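Derivation of every value follows stated rules applied to the coordinates shown; laboratory data play no part. The model shown is predicted, which means the values in this text are computed figures rather than measured ones. Note: ideal-geometry Cβ built from the backbone for every residue, glycine included; neighbour counts use all protein chains shown.
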Amino acid sequence: MKKQFYLLLAAIGISGTVLGQQAVPIHVPAMKNNFEKASKVAKWNQKDFDNPLFESDFSEALGDVWTVDNENASPAEDDNWVIGTDIPNGPFAIAGINSSTADNGFAMFDSDGYCANYAFPYPTQNAWIQTAEAIPLPAEDVSVQFETYYRAFQGQCFFEFSEDGNIWTSIELFTDVDVNDATDNSELFTFFVEDLSGVDDAFFRFRYVGACDYAWMIDDFKIAATPEFDIRMTSAWYDEYILLGGEDDDIVDYYDNLEYSEYLQDNVRPLTFIAEVENLGTSELTGVTLEVIVNTPMGDQTFTSDAITVQPFEFGVIEIPNAMLDAFEDGGELGDYTVNFSVSVAEDEGDLSNNSVPPKSFVVNDVYMANDRDLLVGPSTSIADDCTWGSQFVYKEATTVDYLAFGLIETATFESAEGVVTIINTTPGELLNLNIRQGSVLEEEGPDNVMELLFGDDEIEYVIEEADITTGGTLNWIIVPLPEPITLDPDVIYQAEVTLPIVGEDYCLIAQVSQQEELAGTVFTPDDLSSGPQGWFTLGTEAPALRIGKFGPNNTQETPSLSFSMGQNFPNPVSNGSTRIAWELQVPAENITFTISDNTGKTIYQKDLGDRPAGVQEDIVLDDLKLAAGVYQYGLKVGNERMVRKMVITK
């Protein structure tokens, strides 16, 4: 994949970029894990070749159209590509390819599956699948196309061609897929092969080089004459962040222009629509114009860019700056927004199927901001004691906030490059500390970047409860009210934080989400400091599931906002065994539960409140509580959100 004008992250190890004169290192631990990444929201868009010069859907028997071979190190001499419908089956198996014709067969190299047979140090795998015969190329200019699915760990993937079957020209694929990242499943690749212009025939092959990676699959390979006119939209955004990231850019501006999936009312701003396009044809394209239609709660609104020209086989960037939605004029109309992107040219393309990307969407709510799209990836791979995870935000207006929210994962399996397998489980009863930090941990501390924790180190505590841990595909959000509401200033970076203090030898797996832009998520581990100005790493295009929110006004609008509230028990401390807790519900909900847990995270009291309509305002009355003196945690769960507070029992 080629992305030439914005932030590039290395595929393996620790890398970074420069922002505001500061090096920003990216933390990419070299460990395989058993969590698959979600596909990107706006993926590369391609159109299928209508009249290919050659095509193979890999339904053919091995040897008829394709042959396999390898130069693997011992004892991996028999690790070859296969054709069929079997899917990866190693200890870290990914899904089978979701290609157009997967049911009748595809090509696969299951590096992880083969790896299960070996001990460290692993043998090098260098294996390929190639056409059995040279393919005739009657067109002057040709392009190739194939569907693929690959997840990266410590390998390289190549598309190669040769006129004689001996000397091969290589094109490395997936150079911007980070460790543990994956392509879309499946992703359709199309590219012009300049070195084949005027060539009569050629052999083609796919070659994997590495050891104990995940798996790589190929299907529906085609060769076609390159069209004269063909524009493709490769990616699109509704923010300006993608153009930032240079040495002269201010870091506050960077976070101010992240592509938030949840905008807090009164914190909306003019949007900048941007599209990256590629000319896949042999001729210059003129009048290349971006059109954006935004579906808002107040109706549709259309924006059009100035036209640009894109040369053959080159990329271009089209912008519509400072687009103020009518629905944003009075602080932002609550509700759902969908952004539709399309590109047109002056020339006649014919087929327009690759002139757009899938729409993007966001929400304006009255409770919190988020840039994570609520898409769970798995756990953070930073699991050490005294580790702190952070997620950064910038507000446009002074905003009073009331709570922090985060998520936990039950279990995960990791394997290092040396083959050491570690199974980590989140332990109920483990203590976590939460906080909000003012200032950017990615810049030098100074007069222009004043660092301050807004609460004491252990002022906001949470004890892990088994019921709060995410065990499936939907993230459970744990909501922890602040000791008191606090007002956050505009145009200042704030970081929501959760820390695993050095207490015992237990672990926790902080949930990690995907789809936001680079540098939103951060992590600090005292035993593994980065080269950055304050020792923090970022997490690339991932971030811990962390949010800062406020208790919104009572309303019945069904937006993805906090839909309930629960007060502090009164009296507190409890000295006579009786107390009451007020709660209210803004939207209808089912299976509402109230629980109390002890300092081991064990549930010692549960009350099922059933299904309730919107507008409920009640007290939970607890009489004759026979609990030992101590600190307890109680919580109210509505849907996949659970609010927790502390209760003190005295005797």
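Structure above, values below:
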| item | result |
| --- | --- |
| Counted charge near GLU584, where neighbours are those whose Cβ lies closer than 12 Å (Asp, Glu -1; Lys, Arg +1) | -1 |
| Cα-based radius of gyration of the chain once divided by 2.2 N^0.38 Å, which approximates compact folds | 1.05 |
| Residue-span extension gain [PHE570 to PHE315] - 0.36 nm each, minus C-alpha spacing | 85.5 nm |
| No Cys partner within the rule (Cβ under 4.7 Å), the chain | CYS157, CYS387, CYS508 |
| Contact order normalised by residue count of segment 54-225, Cα under 8 Å, 6+ apart, percent | 34 |
| Whole-number percent relative contact order across segment 231-365, with pairs defined as alpha carbons under 8 Å at least 6 apart | 32 |
| Extended-chain gain in nm, criterion 0.36 nm per residue less alpha-carbon gap, ASP619 and LEU454 | 56.3 nm |
| Nearest-0.05 FRET efficiency for ASP527 and ASP491, computed from C-beta distance (R0 41 Å) | 0.75 |
| Segments 565-574, 450-459 sorted - mean Cβ within 10 Å per residue, highest first | 565-574, 450-459 |
| Inter-site label distance for ASP164 and ALA467 at 7 Å from Cα along Cβ, in nm | 7.4 |
| 16 Å tail of the calculated P(r), segment 564-649, as % of Cα pairs | 49 |
| Cα centroid separation, segment 451-481 to segment 162-225 (Å) | 45 |
| Cα convex hull of segment 231-365, projected area averaged across orientations, nm² | 8.5 |
| Value of relative contact order over the chain, rounded to a whole percent, pairs C-alpha under 8 Å and six or more apart | 13 |
| Spin-label model distance (nm) - ILE171 vs TYR605, 7 Å beyond Cα toward Cβ | 6.7 |
| Cβ-Cβ FRET estimate between ALA346 and SER197, R0 fixed at 30 Å, reported to 0.05 | 0.70 |
| Efficiency of FRET from Cβ geometry, GLU77 and LEU53, R₀ 30 Å, rounded to 0.05 | 0.30 |
| Share antiparallel - DSSP beta bridges, the chain, percent rounded to 5 | 95 |
